[in-house]
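Here's the structure, in structure tokens; my notes come after.
The values are calculated or read from the model by the stated rules, or taken from the named source; none is laboratory data. Here the structure is a predicted model, which means the values were calculated and not measured. Cβ atoms come from the backbone with ideal geometry, glycine included; neighbour counts cover every protein chain shown. The area values use the complete protein model at the heavy-atom level, side chains included, leaving out ligands, DNA and RNA. Shrake-Rupley method; radii C 1.70, N 1.55, O 1.52, S 1.80 Å.
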Amino acid sequence: MILSNDGIQKALDAGDLVISPEPGPRRPTAEERSCPYDTCSVNLRLGPRISIPKKGKPITLDLRRGGVAAFLPELYETIGLDRTGGYALPPNRFILGQTQDRVHLPIREGRPCYAARIEGRSSFARIGLLVHFTAPTIRSGFEGTIALEMINLAEYPISLFPGMEICQLIIEQVATTPFSTPSDFQSQSTPTGR
């Protein structure tokens, strides 16, 4: 079952879902028509850093071996996003971003339990920006910022700025309380998981 905007806010109020800082306003107002809560999702913002693949690394990854998280810092250079100039993502360039917002999906016995999916926004996709186009599941028990795979498929650069509403979080209720499983990216605070 996917939560509505009202259900998302009730889960936040009950502590069954934590987004920090909490997105606001909760409802559009006369002064502020923009609201991050769509009917069945909440928009999350782009964080202050992105990670760009390092050029010329003489390496071939064998994904059958697992443990990719350990190699990410070697493959990417992390840079800060300029608040005024942003970052012009060139055509056909892949980068990693992260949400500014930290998400926690606690597992607590006797309480509703949630998992989530992170998806790009349709308005960005229509101009050629794909945001988080694979592996959208955020597991129950996860806590941290969310890494975002991004690529520009347009014919022109697209500017990215910290704080822009870059993706949407869709919350789903889990039928029974799961047991915890470790994640390579638990408590991540950078796009490469460190």
Do we have residue 161 as at pLDDT below 95, on the phi < 0 side of the Ramachandran plot and surrounded by 14 or more Cβ atoms within 10 Å (Cβ to Cβ) here?
no
Any chance the range 52-61 includes a residue that's in a loop (DSSP other than H, G, I, E, B), free of Cβ contacts under 8 Å to residues at least 60 places away in the same chain, aliphatic (A, V, I, L, M) and open to solvent by less than 80 Å² (accessible area, probe 1.4 Å)?
yes
Condition first: hydrophobic (A, V, I, L, M, F, W, C), without any contact (Cβ under 8 Å) to a residue 60 or more places away in the chain and open to solvent by 50 Å² or more (accessible area, probe 1.4 Å). Now tell me which residues in the range 71-105 satisfy that.
71, 94
Residues located in the range 29-40, provided they are in a loop (DSSP other than H, G, I, E, B), open to solvent by less than 80 Å² (accessible area, probe 1.4 Å) and more than 26 Å from residue 87 (Cβ to Cβ):
29, 35, 40
Could you go through the range 41-51 and let me know if any residue there is exposed (fewer than 11 other Cβ atoms within 10 Å of the Cβ) and assigned to a loop (DSSP other than H, G, I, E, B).
no
Screening 93, 45, 108, 33 for residues that are basic (Lys, Arg) and farther than 27 Å from residue 123 by Cβ leaves only 108
Quick test of your reading of the structure: residue 108 fulfils all but one of (1) surrounded by 15 or more Cβ atoms within 10 Å (Cβ to Cβ); (2) closer than 30 Å to residue 177 by Cβ; (3) touching a residue at least 12 places away in the same chain (Cβ under 8 Å). Name the failing condition by number.
(1)
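Collect the residues in the range 1-26 that are in a helix (DSSP H, G or I) and either in contact with a Phe, Trp or Tyr (Cβ under 7 Å, 6 or more places away or on another chain) or in contact (Cβ under 8 Å) with a residue 12 or more places away in the chain (or both), keeping them in residue-number order.
If the condition is that a residue be in a helix (DSSP H, G or I) and either in contact with a Phe, Trp or Tyr (Cβ under 7 Å, 6 or more places away or on another chain) or in contact (Cβ under 8 Å) with a residue 12 or more places away in the chain (or both), then 5, 7, 8, 9, 11, 14 are the ones that fit.
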